[in-house]
Structure formats: structure tokens, C-alpha cells
Amino acid sequence: MAMEILNGYDRKGIEKAVSLLRKGEVVAFPTETVYGLGADATNSYAVAKIFEIKKRPKFDPLIVHIGDMDDLFNLTEEIPNEAYSLAKRFWPGPLTMILKKKEKVPGIVTAGLPTVAVRMPSHPVALELIKTFGGPIAAPSANPFGYMSPTKALHVARFLHSKIELILDGGDTPYGIESTIVSFEDGKTYIHRHGAISMEELSEVINPVLERGSSGGKCVAPGELPYHYAPHRPLRIIDGVEEIGEHDSSYLAFTSPDFNPKSKYTKVLSPSGDMREAAANFFSYLIELDREDVKIIYAQRIPKHGLGKAMMERLEKASKKYTHITY
Ligand code: TXA
Ligand code: MG
């Protein structure tokens, strides 16, 4: 794929980026912290491409970048007063807040979590992009898995050339480190990731700000949190429908089954076996199949290449939760 680097301060660059985002493509753009790899946050299929490009072996929840407070109200519920105070002081800017998500936020954006991470960046190119696009943009840092975050358009080009069509160049990112991430629980504010806004600065607005793991803190590190979320029903990985023994069950198939499964409910991730389509459906189907009236969820083994690895990692975790159950 031919890759272009366009000046983000130029109308032409913004318009090209917006037209790619509208087509469900992924574009790299500068923020005041590091460069991000963005897609339409409401389009699961587009978001699946981010994981594919980053080659993440697992799904991490993404930060959703917004352009104004209306976007925040569209994405989240039950915004605590502390969040308003922090937004007033630090937005637009390098502060990310974890809040309860509205149902419509796609599961692939939040890795199946009931919360979503949101920030309003202050970089003029990022803001212009979000506002012209007219909706929220989900973006992790624009590095392949295991690399450092890019602070120059050239880093992104070196990392991801041939994988993306466009990098918006906004020069060197001013902070050069990622945003600070906070969450709220029972009237308390927790820091999840130290970043561009210091604990001292946060404490000027909210006092105290607690370190995760400090006394009484129920929160865990962002890297750990997603994996605590698994279906309530036990899950078993199987190779084919013939292994389904229980009628009161759900079946998460990777591709279309050869014959009718015994399960009450079946969802097919991708009839043609397309990883990207499968990943886009993965979390919402799994949540849908986790029903009161089933005893077990069967999941068809997914080939461990591309996004299949991330999906299998998830299924394996979920299946280990109930190793004592045999069906
Ligand atoms: O400065 C930044 O934050 C950059 C720019 C591009 O905005 N983005 C960034 O994204 O650093 P990423 O994906 O590299 O890191 C986001 C972190 C991950 O560690 C993820 O686990 C955590 O945020 N996170 C996202 N949503 C979360 C949620 N709902 N609950 C807990 N942690 C979450
Ligand atoms: Mg990152």
C-alpha cells in the first residue's frame, strides 16, 4: 500500500484523512503526547484494523479521542463531579478518563469492558481532524506492539509504512509521553497510568488522587483490568460442532458450521473466515451469547494467525476460569 505523509496543518491533509476515516480506514495523526493510529470509534470493522496493523497479540482497550463535551455525553454515562472538574482544568489536553460506557460504544474499542477511556486532545491537528470528521476517533499510540510510542511522523513512517495510507504530519509531539489515565470509584479518583500530567497537577484539582493499589483501591493496572472481564457462563473451546453435548448452550462459531449445532444460540464471527470481520464481531457476540438461560458457551477454535491470536488469547483466558466444569 502506498503511504503518504501530508501536512496536518493543511486543509488538504485533513480532508484526505477524513475521507479515509469515513471509508473505515485507519490514519496516523499527531496528538500533543504521541502519534496515534486512529479509526472511526463507531465502526467495529475499522477498529479491528488497528489491532491488525499493530500486531497486538491481545486486545487492549483503546482511548477514544473527542472534539467536544457533546461527544463525551454521547459515549459515557454517570459522569462523576471529579471528572467534570478535571475536564474543566485539563481538557483539551493529555488527560484520559475512564468512565462508564454507553451501550453503543463497540465492544472492540473497550475490549469488552463496561468502561471507556476518553480524552480531548489539545493538538490543533488532532482537534481539527476530529471536528472535521464529526465524531470520536479511537486510537492507540501508532507503534507496533512492543515498540516505543512515536513522537515524529517519521517514526510512524518507519514503523508502519506499507500498512497505512496516510500519516498527518504535525511535527514533533510537544509532550512526547502518553497521557495520564485516571478512573473514578466510590467518590475516589485513581491514577491508572502516569503520564503527561503529573500527580501534583492533578492533586491541585482533586485531593487526594490515589495510586492504584493504595489502601482501599479496588482498581488494578490498565494492562490487567481487561482480562478480569470474562463471560459469566463457563466457556469451552472446541474444534467443531460435533463436540457440542449440551443443548442449553451457546455456540460462538468462527466460520459457518457444516451442520446445525445442538446449541440454542449460535453466532458466526465471519462466515468466510475473515479475521478482521471476526474481530469486529467478537466482543459483541460473546456478550450476546452469555445468556441467563445457557449453561455453557462453546467457542470454535480460531486459527492463531493475525487477529486470531488476540481472539484465542481471550477465549483461553475465559475457558481457564472454569476448568473444573466438564460438558
Ligand atoms: O497519549 C495517549 O494516551 C496516546 C495518544 C495517541 O492519545 N494513546 C495511548 O494509547 O497511549 P494506548 O492504547 O497506547 O494506551 C492506552 C492505555 C492502555 O494501557 C489501555 O489498557 C488503557 O489505556 N485503557 C484504555 N481503555 C481502558 C479502560 N476502559 N479501562 C482501563 N484501561 C483502559
Ligand atoms: Mg501504547
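Every number here is computed from the coordinates shown, using simple stated rules; none is lab data. Predicted, not measured: the structure shown is a model, and the values here were computed from it. So basically every Cβ, Gly included, is an ideal-geometry build from the backbone, and we count neighbours across all protein chains shown.
Looking at this model, which pairs from Lys12/Lys152; Lys101/Lys188; Lys88/Lys131; Lys12/Lys54 are more than 23 angstrom apart at the alpha-carbon?
Numbers: Lys12/Lys152 20 Å; Lys101/Lys188 18 Å; Lys88/Lys131 19 Å; Lys12/Lys54 26 Å.
Too far apart for the 23 Å limit: Lys12/Lys54.
Between Arg291 and Lys23, how high is the FRET efficiency from 1/(1 + (r/R0)^6) when r is the Cβ-Cβ distance and R₀ = 30 Å? Nearest 0.05. Don't skip to the end; give the middle numbers.
Working: r = 35 Å, r/R0 = 1.17.
Efficiency computed from Cβ-Cβ geometry: 0.30.
Rounded, prolate or oblate for the chain? Axes are the square roots of the Cα gyration tensor eigenvalues, ordered a ≥ b ≥ c, and the cut-off for rounded is a/c under 1.5. Please report the intermediate quantities before stating the final value.
Numbers: a/c = 2.21, a/b = 1.39, b/c = 1.60.
Because a/c hits 1.5 or more and a/b fails to exceed b/c, the chain counts as oblate.
Tell me, what is the percent relative contact order of segment 235-320, built from C-alpha pairs under 8 Å that lie six or more residues apart?
On the way: 148 pairs, mean separation 32.6, N = 86.
Here the relative contact order equals 38 percent.
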Proxy reagent accessibility, fewest Cβ within 10 Å first, across Ser122, Ser162, Ser198: Ser162, Ser198, Ser122
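How much length is gained if the chain between Met148 and Thr132 is pulled fully straight, taking 0.36 nm per residue apart and subtracting their Cα-Cα distance, in nm to one decimal?
2.9 nm
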Whether segment 166-205 is rounded, prolate or oblate, judged on the alpha carbon gyration tensor where a/c under 1.5 counts as rounded: prolate
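What is the chain's relative contact order, in percent, from Cα pairs under 8 angstrom and six or more apart in sequence?
Details: 723 pairs, mean separation 69.1, N = 327.
The value is 21 percent.
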With Cα atoms, 0 to 90° folded angle of helix 44-54 axis to the chain main axis: 80
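Based on the Cβ-Cβ distance of Glu15 and Tyr84, what FRET efficiency does E = 1/(1 + (r/R0)^6) give at R0 = 30 Å, to the nearest 0.05?
Details: r = 34 Å, r/R0 = 1.13.
Here the calculated transfer efficiency is 0.35.
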Rough spin-label spacing in nm, given labels placed 7 Å along Cα→Cβ, for Lys100 and Glu77: 0.6
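Tally the DSSP beta bridges in the chain and give the antiparallel ones as a percent, rounded to 5. Please report the intermediate quantities before stating the final value.
On the way: 20 of 47 bridges.
Counting DSSP beta bridges with both partners in the chain, the antiparallel share is about 45 percent.
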Between segment 7-25 and segment 100-141, the Cα center-to-center distance that results, in Å: 17
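Of the chain, which part is the longest with no GluC sites (Glu not before Pro) in a loop (DSSP not H, G, I, E, B) and with at most 10 other C-beta atoms within 10 angstrom?
Working: sites that count: Glu78, Glu103, Glu204, Glu224, Glu292.
In short, 104-203.
Could you tell me the calculated FRET efficiency between Asp258 and Lys55, based on Cβ-Cβ distance and R0 = 51 angstrom, to the nearest 0.05? Before the final figure, lay out each step's value.
On the way: r = 31 Å, r/R0 = 0.62.
The pair Asp258/Lys55 has a calculated efficiency of 0.95.
Please arrange Met275, Met97 by how many other C-beta atoms lie within 10 Å of their C-beta, fewest to most. Write out the running numbers ahead of the final one.
Working: Met275 22, Met97 29.
Result, fewest neighbours first: Met275, Met97.
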Which of Leu202, Leu86 has the fewest Cβ neighbours within 10 Å, and the rest in rising order: Leu202, Leu86
